[in-house]
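Since the structure comes first, as structure tokens, the remarks are kept for the end.
Readers should treat all values here as calculations from the given coordinates under stated rules, not as data from a laboratory. Here the structure is a predicted model, which is why all the values come from computation and not from measurement. With ideal geometry, Cβ positions are generated from the backbone for all residues, glycine too; neighbour counts draw on all protein chains shown.
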Amino acid sequence: MKHLLYWAVALVMLMGSNPAFARTVTLKIATLSPEGSMWMEKMRQGAEQVADQTQNRVTFRFYPGGVMGNDQAVLRKIRVGQLHGGAVVGGTLSDFFPGNMIYAQPMKFSTLEQVDHVRQHMDQYIQDGLYDAGFVTFGLTGGGFAYIMSKERVESIADLRKRKVWIPDNDNVSRDIMAVFGISPIPLPLADVRTAMQSGLIDTVATSPVAALILQWHTQIKYVTNIPLIYLYGVLAVDKKKFVKIAEPDRAVVKQIMTKTFADIDDQNRTDDIKAIAALKNQGIQFITPSGPVLDEWRTTAARAVDKMVADGTLPEDAVNLINQLLKEFHD
């Protein structure tokens, strides 16, 4: 009997320490990124490496192209365990960690060099905040700047107020920002935007050049207001409760491979953004650059929007102050 007990204990210890006996985990991940996109190709490559190096103890199952619904629907499915994570735009997780929105301050950045300087210090702040809120992430992937894109010329805020402006449905932050600009936007799901532009329900969007091309919105616009409105980024956020069920050695493998994967996506996004801007110009789309008093009004109104976001608790004041200090250091 003692021998049986000894071997039983030994087997339990062996199973706990040897990855070969570790439980298998499948991470179900949803994203709006369409199949065949650079994001999906690189995520699948990373997932294949994870499966190979963990001997299939950790695998990914992706649901691309929005088949699981918009980002809010994905979050609901994560809460009930139907999904375990999502590759989502940063603002999607703001209800869990308001500091997640610090890059969404309107007109905070004017160049990607400024963004790079701030990200060196603030990306980890976002990752740590999301971790404390229950999500494991693998680095941020920049999506470039969002610009106002429209069927009619938009140079001033007064011009914008005449337009039918889209914002994502359930995006209270964008709605509040638009209110500061004196605009009543039209909220719609992402999947309905192109049809709404074709029908005339909306005539103005704010998005990145890459997204405009991928989603075919560029076929419905004639002008881009050449003001970097906000800086966009995305993350792969995995439910921490599910992630910790992976054996520790395999967790390390997932972190190492997927962090490298998302760093590669970040680099490729920068290249693709430059190409997308050139592609829009080659399509005959006009880039309008406000100057003088018109640009000053944009900046003043954007600053008021940031103040409101802080006052409302949408943005943590300490993080906003830190970014302001980092930008001051960059210019000094």
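Can you tell me which aspartates and glutamates have their Cα less than 12 Å from the Cα of Lys162? Leave out same-chain residues fewer than eight positions away. Those aspartates and glutamates meeting the cut-off are Glu152, Asp203. What is the percent of Cα-Cα separations in region 291-332 that go past 11 Å? Of all Cα-Cα pairs in region 291-332, 68 percent lie more than 11 Å apart. Bridgeable lysines around Lys255 (alpha carbons under 24 Å apart, same-chain partners fewer than 8 residues away excluded): Lys28, Lys42, Lys77, Lys240, Lys241, Lys242, Lys245.
Membrane-span-like helices in the chain (whole DSSP H runs, Cα extent of at least 30 Å along the helix axis, mean Kyte-Doolittle hydropathy of at least -1.0): 248-282. Taking amide H as placed 1.01 Å from N in the peptide plane, Leu27 has its amide H under 5 Å from the amide H of Thr59, Phe60, Arg61, each at least 5 places away in sequence or on another chain. Using Cβ point charges alone (K and R +1, D and E -1), the dipole size of region 2-331 about the Cα centre works out to roughly 900 debye. For region 204-332, the Kirkwood hydrodynamic radius comes to 18.6 Å, computed from all pairs of different C-alpha atoms.
Largest first and in whole Å, the equivalent-ellipsoid semi-axes of the chain read 41, 21, 18, each the square root of five times a Cα gyration tensor eigenvalue. Of all trypsin sites (Lys or Arg not before Pro) in region 112-190, which ones are in loop regions per DSSP and have a Cβ with at most 14 other Cβ atoms within 10 Å? Passing both the DSSP loop test and the Cβ count: Arg153, Lys162. Working from label points 7 Å from Cα in the Cα-to-Cβ sense, the Arg61 to Asp312 distance is 3.8 nm. Taking amide hydrogens as placed 1.01 Å from N in the peptide plane, the amide H of Arg163 sits under 5 Å from that of no residue at least 5 positions away in sequence or on another chain. From the alpha carbon centroid of region 229-258 to that of region 172-187 is 32 Å.
Pull up the DSSP beta bridges for the chain and report the antiparallel fraction as a percent, rounded to 5. Looking only at bridges with both residues in the chain, the antiparallel portion is about 55 percent.
Dimensions of region 66-211 along the principal axes, based on C-alpha atoms and rounded to the nearest Å, stand at 43, 37, 26, largest first.
Amide H contacts under 5 Å for Ile227: Ile148, restricted to partners 5 or more places along the chain or on a different chain, H placed in the peptide plane at 1.01 Å from N. When only the Cβ of Lys, Arg, Asp and Glu is charged (+1, +1, -1, -1), the dipole of region 240-291 relative to its Cα centre reaches about 360 debye.
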